[in-house]
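A.B. asks: Sharing a structure with you now.
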Amino acid sequence: METKIIKITDKAAPRDEELMEAAGILRQGGLVAFPTETVYGLGANALDEGAAARIYAAKGRPSDNPLIAHISCMEELPALVREIPEAGKRLAEKFWPGPLTMIFPKKSVVPDGTTGGLDTVAVRMPSDPVANRLIRLAGVPVAAPSANLSGRPSPTRAGHVVEDMNGKIEMILDGGEVGIGVESTIVDVSGPVPVLLRPGAVTLEMLKEVLGKVETDAAVLGPLGNGVKPRAPGMKYRHYAPKADMILVEGETSRVVGYINHETKKAVEAGKRIGIICTQESRALYPLGILAVVGSREHEETVAHNLFSVLRDFDGQAVDCIFSESFSDDRLGQAIMNRLCKAAGYHIIKV
Ligand code: AMP
Ligand code: MG
């Protein structure tokens, strides 16, 4: 299949003519990748089981890992969910449209093929003008996981989507670089107490400000033990992984730098190529290794924005091992650390 790539002229105010063909493809059961404010999504009609099946095939995604249904406005929500709990209403008022996904009890029109057989459905209303307008024009809710091959770092530019999806999907809308760079926060509001299932740009602190009590799912905090069934089924799979082994080094920064330099020197002497994920503040402290500066500790937004791109770039550099510095795990740092821990397969060294 030839994948048509359409460049959006003005991503802040896309013209309907540029989105019409994509909307038609979605309505007819085809696949379109499009930018959102978080990462690029791979869209299909969420109410069409066959279309959802094509998403799983294109991504190589395990079929029990459910999809998020995207809507363009609040009026589109009641068609998908049996109930909008009070917590859901309050979060929607505060954070929609935006980088927040909520889990609701699902109506039967949402097929099992979209939700991995669960009785709940994940819903998000993106604020990105291209994503939001595309969904409105399609006239159907759009199931859209990240537009990467399953397990690879999520795409933050159209070029990343081309790498993973060219020839497998009908169309890619190129809206340039995304803003946030990590996937949406996921909160389950279907039970008595809201539960954070995946950290993102809407932070735990921000959720608590609106809701008071919010629990955090065990899968956010660390690897799941054998036999534990995660509430966000996607959590059990290896994610965001670069091709090289990756080791996350935690501790006070000068000790982290010391450890990484020591290990890098040994590895380089043994003929290995080493990648190092560091920050603006520490870049000058590494004499060896291939450096990727992910941003400044003073601006965690830039770290989130660059994270997946840095992980992908290492795949082109044929490094044998990547060492990464770590970040504080509050606010946006929680989302950054969650992605880094998964990218490293929880290979974490505390120094
Ligand atoms: P992705 O689309 O790749 O960003 O991943 C979507 C995430 O949403 C996965 O981790 C899923 O497990 C999670 N998810 C989707 N639907 C549900 C649901 N009904 N209940 C819990 N988690 C869900
Ligand atoms: Mg994903």
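A.B. asks: Which one of these is on the phi > 0 side of the Ramachandran plot, surrounded by 21 or more Cβ atoms within 10 Å (Cβ to Cβ) and of a type outside the set (Phe, Trp, Tyr): Gly181, Gly176?
C.D. replies: Gly181
A.B. asks: Now a separate question. Need pairs with beta-carbon distance below 7 Å; first residue within 14 Å of ligand 1 (Cβ to nearest atom) and within the range 146-168, second open to solvent by 50 Å² or more (accessible area, probe 1.4 Å) and basic (Lys, Arg); sequence gap 6+ or separate chains.
C.D. replies: As it stands, the answer is Gly151/Arg238, since those pairs meet every condition given.
A.B. asks: If the requirement is being crowded, with 22+ Cβ neighbours inside 10 Å and either of a type in the set (Ser, Thr, Tyr) or touching a strand residue (DSSP E or B) at 6+ places or on another chain (Cβ under 9 Å) (or both), which of these qualifies: Ile322, Ile290, Ile348, Ile336?
C.D. replies: After applying the criteria, what remains is Ile322.
A.B. asks: Within the range 57-103, work out how many residues are in contact with a Ser or Thr (Cβ under 6 Å, 6 or more places away or on another chain) and either under 21 Å from Met206 (Cβ atoms) or crowded, with 19+ Cβ neighbours inside 10 Å (or both).
C.D. replies: Result for the range 57-103: 11.
A.B. asks: I would also like to ask the following. Among the numbered criteria (1) buried (at least 23 other Cβ atoms within 10 Å of the Cβ); (2) farther than 27 Å from Thr216 by Cβ, which single criterion is violated by Gln280?
C.D. replies: (1)
Condition check ((1) closer than 16 Å to Val182 by Cβ; (2) within 19 Å of the chain's Cα centre (by Cα)) across all residues:
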{"position": "His239", "(1), (2)": "yes, yes"}
{"position": "Asn261", "(1), (2)": "no, no"}
{"position": "Lys265", "(1), (2)": "no, no"}
{"position": "Ile290", "(1), (2)": "no, no"}
{"position": "Phe314", "(1), (2)": "no, yes"}
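A.B. asks: So the check is Cβ under 8 Å with 6+ separation or different chains; which pairs have a first residue in the range 105-128 that's free of Cβ contacts under 8 Å to residues at least 24 places away in the same chain and a second one that's surrounded by fewer than 22 Cβ atoms within 10 Å (Cβ to Cβ)?
C.D. replies: What qualifies is Asp119/Pro105.
A.B. asks: Being among the charged types (D, E, K, R) and open to solvent by 20 Å² or more (accessible area, probe 1.4 Å) is the filter; apply it to the range 107-154 and report the residue that is nearest to ligand 2 (Cβ to nearest atom). So that I can check it myself, show each step before the final result.
C.D. replies: Going residue by residue through the range 107-154, those that are among the charged types (D, E, K, R) are 107, 112, 119, 124, 128, 133, 136, 152.
Filter once more, so that each one left must be open to solvent by 20 Å² or more (accessible area, probe 1.4 Å): 107, 112, 119, 128, 133, 136, 152.
Working: Lys107: 24, Asp112: 20, Asp119: 22, Asp128: 17, Arg133: 23, Arg136: 24, Arg152: 9 Å.
It comes out as Arg152.
A.B. asks: Give me a count of the residues in the range 172-184 that are within 11 Å of ligand 2 (Cβ to nearest atom) and among the acidic types (Asp, Glu).
C.D. replies: So the answer is 1.
A.B. asks: In the range 155-171, what residues are polar (S, T, N, Q) and either within 12 Å of ligand 2 (Cβ to nearest atom) or open to solvent by less than 10 Å² (accessible area, probe 1.4 Å) (or both)?
C.D. replies: Thr156
A.B. asks: Next question, about the same structure. Going through the range 227-282 one residue at a time, which ones are within 16 Å of ligand 2 (Cβ to nearest atom) and assigned to a loop (DSSP other than H, G, I, E, B)?
C.D. replies: Scanning the range 227-282 gives Pro230, Ala232, Tyr237, Arg238, His239, Tyr240, Ala241, Pro242.
A.B. asks: Name the strands (runs of 3 or more DSSP E) wholly inside the range 126-226 in which the number of residues that are over 14 Å from Leu91 (Cβ atoms), hydrophobic (A, V, I, L, M, F, W, C) and modelled with pLDDT of 95 or more is 3 or more.
C.D. replies: Numbers: elements: 171-174, 185-188, 195-198.
Of the strands (runs of 3 or more DSSP E) lying wholly inside the range 126-226, those with at least 3 residues that are over 14 Å from Leu91 (Cβ atoms), hydrophobic (A, V, I, L, M, F, W, C) and modelled with pLDDT of 95 or more span 171-174.
The values are calculated or read from the model by the stated rules, or taken from the named source; none is laboratory data. The shown structure was predicted, so the numbers you read here are calculated from the model rather than taken from an experiment. Note that we place each Cβ from the backbone using ideal geometry, even for glycine, and neighbour counts take in every protein chain shown. For accessibility, only protein heavy atoms count, side chains too; no ligands or nucleic acids. Shrake-Rupley method; radii C 1.70, N 1.55, O 1.52, S 1.80 Å.
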